[in-house]
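So the structure is just underneath, and the comments pick up after that.
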Amino acid sequence: MAQLPPADFSQFKLRVNVRTSVENAYRAWASASGLDSWFLGKVTFTDEAGAARSGDSLAQGGDEYACYFYRHPETMAIKGKVLKANGRNLFSFSFSKGCPVTISIYTEQNETIVELIESNLPTDEETMRKHYVGDSKGWIFYLTNLKSVLEGGLDLRNKNADIVNVITH
Amino acid sequence: MFVQPLPKSFNVDNEIIPPDYSDHFLFFEELQRSYDCPEHPANIGLLATTKGNCNYYVNGGKNQVDPGKVFFISRGSRLAIRTTEKGVAPVLLFFHSKLPDLVLHSLIYGGEVLLEKPFDSLPFDFSYLERIHVDEQLHQVVASLLVLGDSCGSFASLQADMIIREMFENLLRKNQEAYKHSQNVQAVKASTRLEIFKRISTARDWMDAHYNAAITLEDIGVVAAMNSQHFLRMFKQVYNITPHQYLIDLKLKKAKQLLESTELTINEICQTIGFESVFSFSILFKGRFGQPPSQFRRAEQ
């Protein structure tokens, strides 16, 4: 039997189908108000001159972003840079450990597909376990929440501060 | 970050070099037996307990840590842990060995120029912070990592890393501030300067925790293990104000916070912060913040 090629743990790809327009899906990624409605927590974008963008305006390549925990708004969850933003269907930003996350949005079978690729992940055993598994698990929930929010308006994030250790935040 | 139970010993195979951590390690266990970890060189980290008192021996000195306190240990210091009580729950957070490098690099080259030249040559000398910190907030943050470490929550690991990173940046800033203050101590030997600074800092922490009680200079001198007059001179040397001025300022800052965030009356606030006279409180408050407490509150509303 032919040997399988070695698995590539330096990147992963996730896709979710969403019944919404490509434009709406793009706005959900590229604007602070869009991200606030379904992602980790409150997001701010600042342009290259250091000025904060308003909630509804679209981020541009070179912007910096900061994301604060939904449940601990005083603590910054992550900060990074917008690497590419074409204003229509491609949005890329640096994420955990500076690894790029690229979002491509396109149509398939009359539905909108949001495709996420996180790449350049470290592949030594310890960090691989943590980042490949940890990040892909995290994105699976948030992509599901993106679909839920965009399709029906139901936010699946846990809002009960007394409940911890659940996948919903 | 990895969460692990307490090991029998930290680095039996290597008696000289502190352990090298490839990630943040959080050691935690609610002990059902006595625990005696032999002395060994430690990595940079925080030592705490979520339940009961835990004795951490650092460079031969005993430090009894209870919930609400955190001991900051510098890389290379010798650590032993001894506890005989059942039910004690020690928490030891050791930072990723590369974290000091990464944080320093990003703070120096990331647009935030934090460090000044005298400190550049001492990037790994965190000894100015090496003592017990009475810091409920820091303790809570360390305890919150236990929840995150065991959590199946989405991006829990990422959140833990960011919390640790932020915590470390704050510690680095505190260390830099401590270093600057320590340079005010007029002592020939660096070790003497450091020792005096540590005693003064411990006393200042104690004042922070007891600002609303009727404490005397003698009480604070005992905490600093110094003659009260010597303590007064040293405190003034380090912080450029007297302990009395420092205490008054603490009380006034607390009063301002209470005026902003509570419905307490000015009389109640005055009692809470340990002032006997509302009149003298109002005068001092005006002197510090430019308007009397009543006017300050009205402006806030």
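Data overview
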{"read-out": "Full-extension gain in nm, B:S34 to B:N59, via 0.36 nm per residue minus C-alpha separation", "value": "6.9 nm"}
{"read-out": "D (Stokes-Einstein, µm²/s), Kirkwood Cα radius, the protein assembly as shown, 1.002 mPa s at 20 °C", "value": "84"}
{"read-out": "For region A:142-156, Karplus couplings with θ = phi - 60° (6.51, -1.76, 1.60), whole Hz, Gly/Pro x", "value": "5, 5, 5, 5, 4, 4, 4, 5, 6, 8, x, x, 8, 8, 8"}
{"read-out": "Over region A:74-169, relative contact order from alpha-carbon pairs under 8 Å, at least 6 apart, %", "value": "12"}
{"read-out": "For A:F95, distant residues with modelled amide H under 5 Å away", "value": "A:V101"}
{"read-out": "Euclidean distance between Cα centres, region B:26-95 to region A:1-50, Å", "value": "42"}
{"read-out": "Positive-end residue, region B:145-301 charge dipole about Cα centroid, Cβ charges, pick of B:Y211, B:L194, B:F275", "value": "B:L194"}
{"read-out": "Spin-label pair B:E263/A:Q60, simplified geometry with 7 Å Cα→Cβ offset, distance in nm", "value": "4.9"}
{"read-out": "Unit charges at the beta carbon, dipole of the protein assembly as shown: most positive-side option, A:S148, B:V58, A:N160", "value": "B:V58"}
{"read-out": "Net dipole in debye of the protein assembly as shown [+1 Lys, Arg Cβ; -1 Asp, Glu Cβ; about Cα centre; nearest 20]", "value": "940"}
{"read-out": "Highest-fluctuation residue, B:R75, B:R193, B:R131 considered, GNM on chain B with Cα pairs under 10 Å", "value": "B:R193"}
{"read-out": "Assigned charges on the beta-carbon of Lys, Arg, Asp, Glu; region B:184-240 dipole about Cα centre (debye)", "value": "320"}
{"read-out": "Residue pairs, from the table A:K81/A:K147; A:K159/B:K251; B:K8/B:K189; A:K159/B:K286; A:K42/A:K84; A:K79/B:K286, whose Cα atoms sit over 32 Å apart", "value": "A:K159/B:K251; B:K8/B:K189; A:K159/B:K286; A:K79/B:K286"}
{"read-out": "Within region B:164-189: backbone nitrogen closer than 17 Å to the B:D249 label point (7 Å, Cα to C-beta)", "value": "B:174, B:177-185"}
{"read-out": "Region A:89-139: C-alpha pair distances exceeding 16 Å, %", "value": "46"}
{"read-out": "Sum of -39500 (n - 2.57) over DSSP H runs of 4+, divided by residues of chain B (222 nm, nearest 500)", "value": "-15000 deg cm²/dmol"}
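Every read-out reported here was derived from the displayed coordinates using simple, explicitly stated rules and does not represent laboratory data. Keep in mind the model is a prediction, meaning the values are calculated, not measured. In this analysis, Cβ positions are derived from the backbone assuming ideal geometry, glycine residues included, and neighbour counts consider all displayed protein chains.
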